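Presented below is the structure to which this report refers.
The values are calculated or read from the model by the stated rules, or taken from the named source; none is laboratory data. Note that the structure is a prediction, hence the values are computed from the model and not measured. Backbone-built Cβ (ideal geometry, glycine too); neighbour counts: all protein chains shown.
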Amino acid sequence: MLHRYLILVLLIAAFSAKAQKPVPVKGEPVIVNRDTLFKLYADQGLLSAKERASLVSKRLSTIVSRLDFDPDSLILKNDTAISVIIYKSQLILAISNKDASFSELDRPQLAASYLVILKKKSTGSLQNYSFKAIARGVLEAISVIAGLLLLIWAVNRTFKWINRKSLTWWESRIAKLGKKGAPVGYAVHLLPVLTNLLRVARLLIIILLVYLALPIAFLIFPWTKPIATELLSYVINPVERILLALIHYIPNLLTIAVIYIVTRYIVKLVKFVAREIENGDFVVKNFYPEWAFPTYNIIRILLYTFMFVVIFPYLPGSDSRVFQGVTLFFGVLFSFGSSSAISNIVAGIVLTYMRPFKIGDRVRVGEILGDVIEKNLLITRIRTSKNEDITVPNSSILSGATTNYSSSSKKLGLILNTSIAIGYDTSWPVVYKLLIDAALATEGINARPEPFVLQISLNEFHVTYQLNAYTSLPNKMSTLYSRLHQNIQDKFNEAGVEIMSPHFNSLRDGNAISIPGDYKGAGK
């Protein structure tokens, strides 16, 4: 029974405390131009707190919109029962002790705090919304627009002057090139490009000026300041992010610089060694001098490839999936699109170390006969005796046979050979002597080793003789063959020996020999 009594007493005490807890009072804001100054909680006379706040807001809005508004004219007067804030004898707000009961301040202190708020706001945001402030803002905006138009006019005039000067300079430059005999067609075609670049630059500068003028104009009026802030953020935020990214990237940049410098000096060292080997100042056993620079190029490519692999993790965005995907895409694209190029490169490397020919050699590749004027990892360029430059892919050269007429010409001599058919009525020693004399009479044919003659076939009506002569000028093969044939004709005509098969006898009378009249009877 006692326990029930105690529980009942505790419940009654709890409900009594809950009933005695004060209910918080909701204040009514005094608002001017969408800005809350303070709140009123107490009723006053016949006016409720809400009506008081609305009345005070209207009074403040009226006085701050005046052109002659002066915040220093707001005055506080304290009496024994009430405190009032007036503006040039006009009542703005009356504060009673009841208002002070809703704050921790007494009535004079609360009234003084309201006065401070009014003066602070009126010198700031309240004053900005006044008619005087708006009028001043409109004038400032007009001045900004006028300044923008003036700058645009100045930019247009400046670019017109630059365009006129550049045109004059370009025409004088073309005239000087023409006087020197240089081709000027490309310069004429480049002039529109230069003009268009100047036009684009002028347009970009004007757009930049307009973009910078807009925030300045929007900052003039309080209600457009957020727009100005947002426009500025479009420029400031990216620049800030870029600067911060650059600052944070400095350690990686230094690492990349060190790797590049080390690789660069290693490449220079390899190039120096290659030049020494090529010049013969440094000899490596079983390593030919013509291998020096091709080997240097291969080592250089490998070193720079290794450098890129090491640098790649330090590149900005290298860990991004987008960056990795784009890199993979270009790698696959390069692999599929350059298969023929890669095969030519591999063939070029193989040909370099096979040494089938070198620059300046007379070679035959398939049906192409000419001098090698260029060779690289992709192609070999051959110039024929007709001055035709023929480009041959290295893979084609590697897959076929190549004849080099120059490789042994210096030491052994290149053997030029030509064949003629002489009837059995002329003894072979006579033919031998005439052919060898013709060879020795040809400029460019070596006297040592001596030319020699081979009988390559004994036919039904004639014998086929082959003249073989040595030369050290393989690049003049066509000319030498022509001179040799001329001399063979001269020697045989002088000896009265016909250079033809006896088959021809069946088509003529046979009473006269077939040689020029100047040589007839020379051999009798």
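One residue stands out in region 78-90 among those that are part of a strand (DSSP E or B) and among the aliphatic types (A, V, I, L, M): the one that is surrounded by the most Cβ atoms within 10 Å (Cβ to Cβ), namely 85. Of the residues 58, 88, which single one is modelled with pLDDT of 85 or more and farther than 21 Å from residue 107 by Cα? None of the other options fit; the residue is 58. Looking across region 195-204 at every residue that is among the aliphatic types (A, V, I, L, M) and exposed (fewer than 14 other Cβ atoms within 10 Å of the Cβ), the one that is modelled with the lowest pLDDT is identified as 197.
Condition check ((1) free of Cβ contacts under 8 Å to residues at least 12 places away in the same chain; (2) in a helix (DSSP H, G or I); (3) touching a Cys at 6+ places or on another chain (Cβ under 9 Å); (4) in the same structural domain as residue 470 (by TED's automatic domain parsing)) across all residues:
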residue: 356; (1), (2), (3), (4): no, no, no, no
residue: 373; (1), (2), (3), (4): no, no, no, no
residue: 377; (1), (2), (3), (4): no, no, no, no
residue: 380; (1), (2), (3), (4): no, no, no, no
residue: 392; (1), (2), (3), (4): no, no, no, no
residue: 395; (1), (2), (3), (4): no, yes, no, no
residue: 398; (1), (2), (3), (4): no, yes, no, no
residue: 418; (1), (2), (3), (4): no, no, no, yes
residue: 421; (1), (2), (3), (4): no, no, no, yes
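When restricted to residues that are surrounded by 19 or more Cβ atoms within 10 Å (Cβ to Cβ), of a type in the set (Gly, Ala, Ser) and over 29 Å from residue 458 (Cα atoms), region 386-444 contains 3. Contact annotation: residue pairs with Cβ atoms under 6 Å, 6 or more positions apart or on different chains, pairing a residue in region 286-300 that is basic (Lys, Arg) with a partner that is surrounded by 13 or more Cβ atoms within 10 Å (Cβ to Cβ) and in a helix (DSSP H, G or I), are 300/267. Within region 91-112, the residues that satisfy the criterion of being in a helix (DSSP H, G or I) and free of Cβ contacts under 8 Å to residues at least 12 places away in the same chain are 100, 109.
Examine region 439-447 for a residue that is under 20 Å from residue 492 (Cα atoms) and part of a strand (DSSP E or B), and state whether such a residue exists. Looking through region 439-447, at least one residue is under 20 Å from residue 492 (Cα atoms) and part of a strand (DSSP E or B).
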